[in-house]
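Trainee: Before anything else, here's the structure in question.
What follows is calculated from the coordinates using simple rules that are stated; it is not laboratory data. Since the structure is predicted, the reported quantities are computational estimates derived from the model, not experimental observations. Every residue, glycine as well, gets a Cβ built from its backbone with ideal geometry; the counts of neighbours run over all protein chains shown.
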Amino acid sequence: MNGRGRIAVDSLLTALAPVVWGSTYLVTTEFLPPDRPLLASLARALPAGLILLALSRTLPTGVWWWRSLVLGTLNIGAFFYLLFVAAYLLPGGVAALVLTIQPVIVLALSSLLLSERIRPAHLLACLLGAVGVGLLVVGPEAALDPIGVLAGVAAAISMGTGLVLTKRWGRPEGVGLPGVTGWQLTAGGMVLLPVTLLVEGVPSTISAVELAGFAYMSLICALLSYVLWFRGLERLPTLAVSFLSFASPVTATLLGYLVLHETLTPIQGAGAAAAIGAVLLVQLTAHRPPPRRAPKRRASSVVGARSGGFRDESPHDL
């Protein structure tokens, strides 16, 4: 399979994660206890993280303790909470589309922290995404809760920052994707645990439907999807992965239309079309990042040659 074919396969596998995340809004409003964003976030993150820790049987060492805490807070703890606030206060398609500002954050941070070159296509794609969100927000003002919109924007900033740092730090040698994913999910869950107990507490009863909703959130929307998401982040450019999150609003909008009988105005439809066009533009111009190779050493560097030199840090397979 050539490079373009591998990019297509990796993109499709990675896009499964935001497709699943698009169902978060429907499950939150229809199957979870009302007005409990902290509990929903905790139940999604912590069980999945503990399961992955048990399966991988590995814990962080050295700098990876604080790195896991930072990444877990940005990618999981803060992101989940802000996402659920948006999901409770906004229609599913609207909530998902508000988060499409994330690629703009990733574009700026990738240039600063990863030295990734900003291409004209990237700027055009970000412009399309921003126009899509703008058309969405200026549409049906009465249906938009300002706190929900702010929560969605903050969630995009949190995860965008986490994506870039995850790409920058990679993962330690010998640790598989399930292991580092488990570190982040567990760290994010542990950050949420005391806040949840203090602010929302534990519900006196949980119905079978709510329990099934929590299980779906944890096993499918967290455990499975985040392993695929971080796998794609290793193999694809950061911005290309970020733009794949547009699969989430497409799924949320379709589910809202088919299940909840939500409607979209023509202005919102134009915004959605612009957002989808942005992700297609980035994926069509994406290039697989080459593995970092060891620099050539001089023949006189006997000590360096005997010590094994540099290690090829290309991504490990699952």
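Trainee: State, to one decimal in nm, how far the label point of residue 50 lies from the label point of residue 202, with both points 7 Å from Cα in the Cβ direction.
Mentor: My value for the distance between the label points is 1.1 nm.
Trainee: Right, here's the next one. Under the 0.36 nm per residue contour assumption, what length would be gained going from the current alpha-carbon distance of residue 261 and residue 215 to full extension?
Mentor: Value of the extension gain: 14.0 nm.
Trainee: So what are the ³J(HN,Hα) numbers for region 153-166, from phi and the Karplus equation (6.51, -1.76, 1.60; θ = phi - 60°), rounded to whole Hz, Gly and Pro as x?
Mentor: Coupling constants for region 153-166: 5, 5, 5, 5, 5, 4, 6, x, 5, x, 4, 5, 5, 4 Hz.
Trainee: Which parts of region 152-167 would a label at residue 113 reach, counting a residue when its backbone N lies under 13 Å from a point 7 Å out along Cα-to-Cβ?
Mentor: 157-167
Trainee: Can you pull out the trypsin sites (Lys or Arg not before Pro) in region 1-85 that DSSP calls coil and that have at most 14 other Cβ atoms within 10 Å?
Mentor: Within region 1-85, the qualifying trypsin sites (Lys or Arg not before Pro) (loop, at most 14 other Cβ atoms within 10 Å) are 57.
Trainee: Could you give each residue of region 177-187 its phi-based ³J(HN,Hα) in whole Hz, using Karplus coefficients 6.51, -1.76, 1.60 with θ = phi - 60°, and x for Gly or Pro?
Mentor: Coupling constants for region 177-187: 4, x, x, 5, 5, x, 4, 5, 5, 5, 4 Hz.
Trainee: Something else: At q = 0.16, 0.18 Å⁻¹, what log₁₀ I(q)/I(0) does a Debye calculation on the Cα points of region 161-292 give, no solvent, two decimals?
Mentor: One equal scatterer on each Cα of region 161-292 leads to -1.09, -1.19.
Trainee: In whole Hz, what ³J(HN,Hα) sequence does region 200-206 give by Karplus (6.51, -1.76, 1.60; θ = phi - 60°), x for Gly and Pro?
Mentor: Ordered by residue, 3J(HN,Hα) equals 9, x, 9, x, 5, 9, 10 Hz.
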